[in-house]
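K.L.:
Sending over a structure as structure tokens; questions will come in a sec.
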Amino acid sequence: MSSVIDDFMKGMVRDILDESNLYMRTRSWLASHPINVDRIHVISIGKGATDMAAAAEEELGGRVIDGIAVTPQGTPRRSLRLRVLESTHPLPSEASLRAGEAIMELLSSSVERGDLVLFLISGGGSALVEVPAPGVSLEDLRELNELLIMSGATIEEINAVRKHVSAVKGGRLAKMSLDRGARALSLLASDVPGDDPATIASGPTVPDPTTYGDAVSALKSRGAWEEAPPRVRTVLEEGVRGLREETPKELAGADAFLVASNMDVLRGLSSRLAGRGVSSLILTSRMEGEAREVGRFLASIAVEAHRSGVPLPKGAILAGGEPTVTVRGNGRGGRTTELCAGFALGARGVSGVRMLSLATDGQDGNMDAAGCVADGVTVREAERAGVSFIGELGRNNTAAIFETTDSLIRTGLTGSNLNIISMIMIGPAELTMK
């Protein structure tokens, strides 16, 4: 492995994953917020589904009478009493439909007046659980999701569209619970900048502020309207004309609380760095924009810090969020490798700066890695190995760059998803820890 991934960086990867542990964060919330209901149904959806469900089972005991946890295929399994369904991400599949139908069946047949439906929602739920709106097919949704992901649309834009072609997103699952006379309580682990509950997993249990008109505008603004499946366009146009029911704008009897976020990880990592004698500064948890350009911007901060001591002379600068990648090529990579590629170009030839970028779910883009590390010699190392750095970046084949420099980080699926964490180290490794 590359010398930039030393024992310190390996330790930072472990710390980031520890701070992203959704079992511990969910159990801590439940332990400090007593629930006085005898009949509880648990619906856990997302990349952290089994960890969050395990925390609920252990804290709530026999009062959990049934439930379903929907998790990505290949996620490490916990032993659960709940029914566990594996599904797919980032595109919905027949497994997603089976999961959505199973949840709807449980809500419509098992939930009684006075019960509590405890929803545990984490990132990835948009693809893992789906039931298309009447008139829309699964293939339409797959085509639509791929189109949105490749368009460079923000997560808010993507979800505005998803909610209006779905029977389970945009508050509809909570509405089903309320219609049965139950209360709905949602514990959310955020994978979106700003932690908007309506955006996490397309907000299946919270009021939706977006409209059919917003969905149409999102597709048109990204130049994707004409390419969208015809049946999707028909449904959205019918919604704009008032021929389809809007997503719920109010949900009396449904409460939602954030139990874990990207900022929580940044703060925890800052504390761990202090324990190692490393000064740190949290820049933002709302990192957005084209990933390679965000990487260049982070490099400019790193170079400034290295040369002028602003915003700090040595130590760590921390940033988190969800930059996007507009796909123009057919290579392998993800947001982290595009971030690191931009950083490598911006810091080219500068010693004493390096950046770790890690997707907390353990898998980024269409590669088998969670992230990577880049520094001032990454471009030179790649080109010495015969890799055209600019060429591979141009065709979105950034995974190849960091495979060549032996700087990819592989963790496997983590059972969490609190988005990307990037850590810039200023100063030689032996100095940053003094």
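K.L.:
Pull up segment 281-296, narrow it to residues that are under 20 Å from E19 (Cβ atoms) and either touching a residue at least 60 places away in the same chain (Cβ under 8 Å) or in contact with a Cys (Cβ under 7 Å, 6 or more places away or on another chain) (or both), then point me to the one that is surrounded by the fewest Cβ atoms within 10 Å (Cβ to Cβ).
P.N.:
Checking each candidate, the answer is R286.
One line per residue, one yes/no per condition, for (1) assigned to a loop (DSSP other than H, G, I, E, B); (2) among the aliphatic types (A, V, I, L, M):
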| site | (1), (2) |
| --- | --- |
| I5 | yes, yes |
| I16 | no, yes |
| T26 | no, no |
| W29 | no, no |
| D38 | yes, no |
| T50 | no, no |
| A53 | no, yes |
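K.L.:
Hey, R410 hits all of (1) surrounded by 21 or more Cβ atoms within 10 Å (Cβ to Cβ); (2) touching an Asp or Glu at 6+ places or on another chain (Cβ under 7 Å) but one; which does it fall short on?
P.N.:
Checking R410 against (1) surrounded by 21 or more Cβ atoms within 10 Å (Cβ to Cβ); (2) touching an Asp or Glu at 6+ places or on another chain (Cβ under 7 Å), the one that fails is (1).
K.L.:
V168 - would you say it is assigned to a strand (DSSP E or B) and out of contact with any Phe, Trp or Tyr (no Cβ under 8 Å at 6 or more places or on another chain)?
P.N.:
Taking the combined requirement at face value, the residue does not satisfy it.
K.L.:
Does M355 count as in contact (Cβ under 8 Å) with a residue 60 or more places away in the chain, touching a Phe, Trp or Tyr at 6+ places or on another chain (Cβ under 6 Å), within 30 Å of L258 (Cβ to Cβ) and not in a loop (DSSP other than H, G, I, E, B)?
P.N.:
yes
K.L.:
Only one of these is touching a residue at least 60 places away in the same chain (Cβ under 8 Å) and more than 20 Å from V13 (Cβ to Cβ): A305, A341, A299. Name it.
P.N.:
A305
K.L.:
Could you tell me which of the residues L269, L283 is outside the structural domain of V192 (by TED's automatic domain parsing), assigned to a strand (DSSP E or B) and among the hydrophobic types (A, V, I, L, M, F, W, C)?
P.N.:
Exactly one residue qualifies, and that residue is L283.
K.L.:
Still on this model: Hey, does segment 103-119 have a residue that's farther than 22 Å from E57 by Cα, out of contact with any His (no Cβ under 8 Å at 6 or more places or on another chain), in contact (Cβ under 8 Å) with a residue 40 or more places away in the chain and not polar (S, T, N, Q)?
P.N.:
no
K.L.:
Related question: Given the conditions (1) on the phi > 0 side of the Ramachandran plot; (2) part of a helix (DSSP H, G or I), which single one is not true for G242?
P.N.:
Exception for G242: condition (2).
K.L.:
Within segment 338-348, track down each residue that is assigned to a loop (DSSP other than H, G, I, E, B) and either at pLDDT below 95 or crowded, with 23+ Cβ neighbours inside 10 Å (or both).
P.N.:
Scanning segment 338-348 gives a single hit, A347.
K.L.:
State whether one or more residues within segment 92-101 are touching a Leu at 6+ places or on another chain (Cβ under 9 Å), surrounded by fewer than 16 Cβ atoms within 10 Å (Cβ to Cβ) and not basic (K, R).
P.N.:
Yes, that holds for at least one residue.
Conditions tested, residue by residue: (1) surrounded by 14 or more Cβ atoms within 10 Å (Cβ to Cβ); (2) hydroxyl-bearing (S, T, Y); (3) modelled with pLDDT of 95 or more.
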| position | (1), (2), (3) |
| --- | --- |
| S2 | yes, yes, no |
| L30 | yes, no, yes |
| P34 | no, no, no |
| V42 | yes, no, yes |
| G46 | yes, no, yes |
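Yes or no, residue by residue, for (1) modelled with pLDDT of 95 or more; (2) over 21 Å from E304 (Cα atoms); (3) of a type outside the set (D, E, K, R); (4) not assigned by TED's automatic domain parsing to the domain that holds G268:
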site: G320; (1), (2), (3), (4): yes, no, yes, no
site: T326; (1), (2), (3), (4): no, yes, yes, no
site: T336; (1), (2), (3), (4): yes, yes, yes, no
site: A359; (1), (2), (3), (4): yes, yes, yes, no
site: C372; (1), (2), (3), (4): yes, yes, yes, no
site: S407; (1), (2), (3), (4): yes, yes, yes, no
site: T411; (1), (2), (3), (4): yes, yes, yes, no
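K.L.:
Looking only at residues in segment 379-406 that are farther than 22 Å from V327 by Cβ and not hydrophobic (A, V, I, L, M, F, W, C), which one is surrounded by the fewest Cβ atoms within 10 Å (Cβ to Cβ)?
P.N.:
Result: G386.
K.L.:
What are the residues in segment 358-383 that are part of a helix (DSSP H, G or I) and out of contact with any Ser or Thr (no Cβ under 9 Å at 6 or more places or on another chain), if any?
P.N.:
Correct list: V379, R380, E383.
K.L.:
Looking at G194, G170, G135, which one is surrounded by fewer than 21 Cβ atoms within 10 Å (Cβ to Cβ), more than 16 Å from the chain's Cα centre (by Cα) and not β-branched (V, I, T)?
P.N.:
G135
K.L.:
Which number in (1) in a helix (DSSP H, G or I); (2) farther than 16 Å from L393 by Cβ; (3) of a type in the set (V, I, T) marks the one condition that V294 misses?
P.N.:
Here V294 meets the rest and fails (2).
K.L.:
Also: So for segment 108-126 (the condition being in a helix (DSSP H, G or I), at pLDDT below 95, closer than 15 Å to K169 by Cα and not basic (K, R)), does at least one residue qualify?
P.N.:
yes
K.L.:
Looking at segment 76-88, which of its residues are in a loop (DSSP other than H, G, I, E, B) and crowded, with 24+ Cβ neighbours inside 10 Å?
P.N.:
Selection gives nothing.
K.L.:
Condition first: of a type in the set (S, T, Y) and over 18 Å from the mean Cα position of the chain (by Cα). Now tell me which residues in segment 76-96 satisfy that.
P.N.:
S79, S93
K.L.:
Can you pull out the residues in segment 55-75 that are buried (at least 19 other Cβ atoms within 10 Å of the Cβ) and under 18 Å from the mean Cα position of the chain (by Cα)?
P.N.:
Of everything in segment 55-75, those that are buried (at least 19 other Cβ atoms within 10 Å of the Cβ) and under 18 Å from the mean Cα position of the chain (by Cα) turn out to be A69, V70, T71, P72, T75.
The values are calculated or read from the model by the stated rules, or taken from the named source; none is laboratory data. Nothing here was measured: the structure is a model prediction, and the numbers come from that model. Neighbour counts run over all protein chains shown; Cβ positions are idealised from the backbone, glycine included.
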